[in-house]
Amino acid sequence: MIEPLYHRASGRCDPRYYQIAALLVLLLYGLIRLGLDVRLSQAIVVLMTVMVVQYCCGRLWKLAAFELRSALISGFSLCLLLRTNALVLAAATALVTIASKFVLRWNGKHVFNPTNFGLVFLMLCTRGAVWVSPGQWGDLAFFGFLVICLGGLVVNRASRVEVTLAFLAAWLALIFGRSFWLGEPIAIPLHRLQNGALLIFAFFMISDPKTTPDSRAGRILFALLVALGAGFIEFKLFRTSGLLWSLAAFSPAVPLLDRLLPGQRYQWRKPAIAPTAEIKTAPMKGNVYEPIAA
């Protein structure tokens, strides 16, 4: 069984459908118009693998429904970010991504964002055979996707909006502050910001409600730590993909943040409206049932 698109209890559409639509539009636009270096065969392998692994893990862990939505979000994100010359490594990345959701858990939560973990794990294991595309799309595509992402925050009233905004504010401050300190022209920090990987990271990865701290204060602190860590990796260690490495490094600290700054656990689906209490009845007297106090 696949869970429904619209939940009457919450009164609105599941926000993951908006995310899926945004990523799909971007992927199709990139393949057709931008000429992104994404092979169609690799995209098919990744998407098929995430769905098969999601189904198999769901059966193994005895889940009530086939959770397709999160698998598709991870799959489309991998299609846009993952680069490799071997289809078997693409499939392995997709397998590790989905499997991590089921295996790496603590107190009922994912320890790592699945896409982030899959990419970092394969980059560590393959030593260059798997890498991440920065996704330079050009001004039109970048700002178009930025509008779509910001629209998603408004349309779906995302309850994790502060982690995205806090991260973007900190990252912008780091990028522009460093350029100002070095005396670089404004075009350099603007160019650094105009890449698709940054938007996917900010709106679909670090904002994952299943891996961020439960409290608002915890999420803001987490976003600041990730931004500072990424800045250190990219500008001090001079390594690419600093955002991914930093998120992977700080994700294990989320349980500690939840303990220090407790909050309400996020659920994709709000609880259904409680059913009306059953009326217990006594044996019928004549033609009338007499109610019994519960």
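The values are calculated or read from the model by the stated rules, or taken from the named source; none is laboratory data. These figures come from a predicted structure and were not determined experimentally. Glycine gets a Cβ as well: all are built from the backbone with ideal geometry, and neighbour counts include every protein chain shown.
If you go through the range 35-47 and pick out every residue that is within 19 Å of the chain's Cα centre (by Cα) and at pLDDT 95 or above, you end up with 2.
Residues that are crowded, with 20+ Cβ neighbours inside 10 Å and without any contact (Cβ under 8 Å) to a residue 24 or more places away in the chain within the range 206-260 comprise E234, G242, S246, listed in sequence order. Restricting the range 146-176 to residues that are surrounded by 14 or more Cβ atoms within 10 Å (Cβ to Cβ), at pLDDT below 75 and not small (G, A, S) leaves a set whose member that is farthest from F204 (Cα to Cα) is N156.
Filter the range 176-197 down to the residues that are assigned to a helix (DSSP H, G or I), more than 20 Å from the chain's Cα centre (by Cα) and without any contact (Cβ under 8 Å) to a residue 24 or more places away in the chain and list them by number. Walk me through it before giving the result.
In the first step, residues of the range 176-197 are kept if they are assigned to a helix (DSSP H, G or I); the result is 176-182, 187-193, 196-197.
Checking the rest, the ones that are also more than 20 Å from the chain's Cα centre (by Cα) come to 176-182, 187-192.
F176, G177, S179, F180, W181, L182, A187, I188, P189, L190, H191, R192 - these are the residues of the range 176-197 that are assigned to a helix (DSSP H, G or I), more than 20 Å from the chain's Cα centre (by Cα) and without any contact (Cβ under 8 Å) to a residue 24 or more places away in the chain.
Here is a yes/no grid of residues against (1) touching a strand residue (DSSP E or B) at 6+ places or on another chain (Cβ under 9 Å); (2) at pLDDT 95 or above; (3) exposed (fewer than 15 other Cβ atoms within 10 Å of the Cβ); (4) among the aliphatic types (A, V, I, L, M):
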residue	(1), (2), (3), (4)
L80	no, no, no, yes
N85	no, no, yes, no
V88	no, yes, yes, yes
R105	no, no, yes, no
V111	yes, no, no, yes
F117	yes, yes, no, no
G128	no, no, yes, no
G135	no, no, no, no
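Going by the conditions given, is I200 closer than 22 Å to Y266 by Cα, part of a helix (DSSP H, G or I), in contact (Cβ under 8 Å) with a residue 12 or more places away in the chain and of a type in the set (A, V, I, L, M, F, W, C)? Quick ask: steps written out before the conclusion?
Working: closer than 22 Å to Y266 by Cα: yes; part of a helix (DSSP H, G or I): yes; in contact (Cβ under 8 Å) with a residue 12 or more places away in the chain: yes; of a type in the set (A, V, I, L, M, F, W, C): yes.
Yes; evaluated as a whole, the condition is true for this residue.
For G128, the criteria (1) in a helix (DSSP H, G or I); (2) free of Cβ contacts under 8 Å to residues at least 40 places away in the same chain hold in every case but one, which is (1).
Condition check for L72 on (1) surrounded by 14 or more Cβ atoms within 10 Å (Cβ to Cβ); (2) at pLDDT below 85; (3) among the hydrophobic types (A, V, I, L, M, F, W, C): one failure, at (2).
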